[in-house]
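Report on one structure; see the data block that follows.
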Amino acid sequence: MASACQKDQGDKAVDQKKAVAAADSALAATPASNFLAASGTLTFDLNDSTYVFDAAKDSIAFVNISVGDNRYFGITAINKAHTMSFAISSKGTAAAAITKGVEGSQLLLRPDALHIKQYSLTQFTEPGDAGVIDLLRYRQDSVLAKGTFFTFLAHDDKADSPFYRVEGTFNLKLK
């Protein structure tokens, strides 16, 4: 009986691992359509502060992913010291000269091991009012992506929380 229970538990563990693998593959990003910028910057303003990621020293990636039948594109960045990260995304397929609504965004600031400030896309906007990503150039010559964006970030998900308009630019190169 003990071996049968262990086998049942083993089968359940295998089924759970298969389910996780299926979920991971549903979120799979096609490596050929994701790019790490070799040079360029991502800059944005929040409140009275300007934040800058420099691809020469920080990691800035332009990503394209599929979740089921839905496609998304966006930019994700983390600084070399791992004290700041930012991401912004839109639904659809990346292309030059398009403007798409923001679907997700997040800023994490960790000045030290004990303190973290987290901002995320406010959920209290009307559909289509969460901002836009204006992709001016995409994969043309040495340009990976160039454009502007704005979005609204809040500290938490309460309806009465203040939210802040974030405006930024990106000019990312493949070389």
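Observations, loosely collected:
- Restricting the first member to the range 143-160 and to residues that are of a type in the set (Phe, Trp, Tyr) and open to solvent by 10 Å² or more (accessible area, probe 1.4 Å), and the second to residues that are at pLDDT below 95 and assigned to a loop (DSSP other than H, G, I, E, B), the beta-carbon pairs closer than 9 Å and six or more apart or on different chains are PHE152/THR122; PHE152/PHE124; PHE152/THR125; PHE152/ASP129; PHE152/ALA130.
- For VAL102: the one exception among (1) aliphatic (A, V, I, L, M); (2) within 24 Å of VAL67 (Cα to Cα); (3) in contact (Cβ under 8 Å) with a residue 60 or more places away in the chain: (3)
- Filter pass, LYS175 being among the charged types (D, E, K, R), open to solvent by 40 Å² or more (accessible area, probe 1.4 Å), touching a residue at least 60 places away in the same chain (Cβ under 8 Å) and outside any strand (DSSP E or B): yes
- Qualifying positions in the range 76-98 - open to solvent by less than 50 Å² (accessible area, probe 1.4 Å), under 19 Å from LEU135 (Cα atoms) and among the hydrophobic types (A, V, I, L, M, F, W, C): ALA77, PHE86, ALA87, ILE88, ALA94, ALA95, ALA96, ILE98
- Some residue of the range 58-75 being of a type outside the set (D, E, K, R), modelled with pLDDT of 95 or more, open to solvent by 60 Å² or more (accessible area, probe 1.4 Å) and within 23 Å of ARG165 (Cα to Cα): no
- Residue match in the range 112-120 (condition: modelled with pLDDT under 95, open to solvent by 80 Å² or more (accessible area, probe 1.4 Å) and under 21 Å from GLY40 (Cβ atoms)): no
The values are calculated or read from the model by the stated rules, or taken from the named source; none is laboratory data. Remember, predicted model here, so these are calculated numbers, not experimental data. Please note: Cβ atoms are built from the backbone with ideal geometry, for glycine as well, and neighbour counts cover all protein chains shown. The accessibility values were calculated without ligands, DNA or RNA, using every heavy atom of the protein model including side chains. Shrake-Rupley method; radii C 1.70, N 1.55, O 1.52, S 1.80 Å.
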